[in-house]
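Working notes, structure below.
The values are calculated or read from the model by the stated rules, or taken from the named source; none is laboratory data. Quick caveat: nothing in here was measured; it's all calculated off a predicted structure. Quick reminder, even Gly has a Cβ in these numbers, built from the backbone with ideal geometry, and neighbours come from all protein chains shown. Keep in mind that these areas ignore ligands, DNA and RNA; they rest on the heavy atoms of the full protein, side chains included. Shrake-Rupley method; radii C 1.70, N 1.55, O 1.52, S 1.80 Å.
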Amino acid sequence: MTTSSRSCGLSSPSCLLVMGVSGSGKSYIGKLLAERTGALFIDGDDHHSPENIAKMSRGEPLTDEDRQGWLATLAGLYREHQQQGQSLVIGCSALKRQYRNLLREGAPALEILYLHGSHEVLLERLNSRGQHFFAGEHMLKSQLATLEMPGDDEAIRCDIQMTPDAIIDNFLAQLASRR
């Protein structure tokens with residue numbers, strides 16, 4: 001049984017972004033957050049173009065240009081769900097502020113949970129997850145180099161070494177205190 005968005009201290013409909021580099025747990029935490037808030041979860045990776053997936057599978061980092069259509073699609077999903085009165089959680093790397101700003105075009109009141117962790121923990125997670133188009137230390141280093149960490153005014157930061165429930169509890173409590 002899921003809890004409604006209102007009982008979790010969220011306005012309805014809510015647009016939430018779970019962001020971080022690959023291996024930070026965006027999909028797992030995003031799904032749990034969606035369950036807790038009564039929202040729908042969408043994995044941003046499912047909306048990459050075949051060309052982007054092929055490029056990442058070859059170990060080539062995406063460029064800003066590569067990401068434009070993908071981010072526009074995700075912003076459109078936020079807009080669509082908001083218009084339908086549905087809360088939505090998207091798991092997406094959103095490494096740069098400009099990417100997060102593009103997502104806000106679809107959800108001006110976007111709330112962001114930033115999952116961060118050490119290089120060692122992230123690499124261990126990447127190496128243990130089996131078949132995925134994003135793999136390898138080279139790709140992780142590229143994402144970490146690209147990452148523009150959001151400030152406290154932009155996102156709520158949680159360490160990935162916390163338990164998933166503690167991450168979600170912390171995020172929801174901080175959201176409630178901001179409102």
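List residues of the range 58-84, by number, whose backbone nitrogen lies under 17 Å from a label position 7 Å along Cα→C-beta of residue 43. Answer for the range 58-84: 74. Could you name the aspartates and glutamates in cross-link range of residue 55, using Cα to Cα under 12 Å and dropping any fewer than eight places away on the same chain? Qualifying aspartates and glutamates at Cα under 12 Å: 66. Most tightly packed first, judged by the mean number of other beta-carbon atoms within 10 Å of their residues, the peptides 83-95, 67-79 read 83-95, 67-79.
I'd like the distance between the alpha-carbon centres of the range 12-26 and the range 146-170, rounded to an integer number of Å. Comparing the Cα centres of the range 12-26 and the range 146-170, I get a distance of 9 Å. Inter-part distance, the range 32-47 to the range 87-110, computed on C-alpha centroids, equals 14 Å. Karplus-derived 3J(HN,Hα) values for the range 19-28, using 6.51 cos²θ - 1.76 cosθ + 1.60 with θ = phi - 60°, are 10, x, 6, 4, x, 7, x, 4, 5, 5 Hz; glycine and proline are entered as x. Computing semi-axes √(5λ) of the Cα gyration tensor in Å directly from the structure and comparing it against (1) 26, 24, 13; (2) 25, 19, 14; (3) 22, 19, 16 singles out (2). Taking only the alpha-carbon atoms of the range 47-141, what semi-axes of the equivalent ellipsoid follow from 5 times the gyration tensor eigenvalues under a square root, in whole Å, largest first? Largest first, the range 47-141 gives 26, 16, 12 Å. Each residue was assigned an accessible area with a 1.4 Å probe, and for residue 149 the value is about 110 Å².
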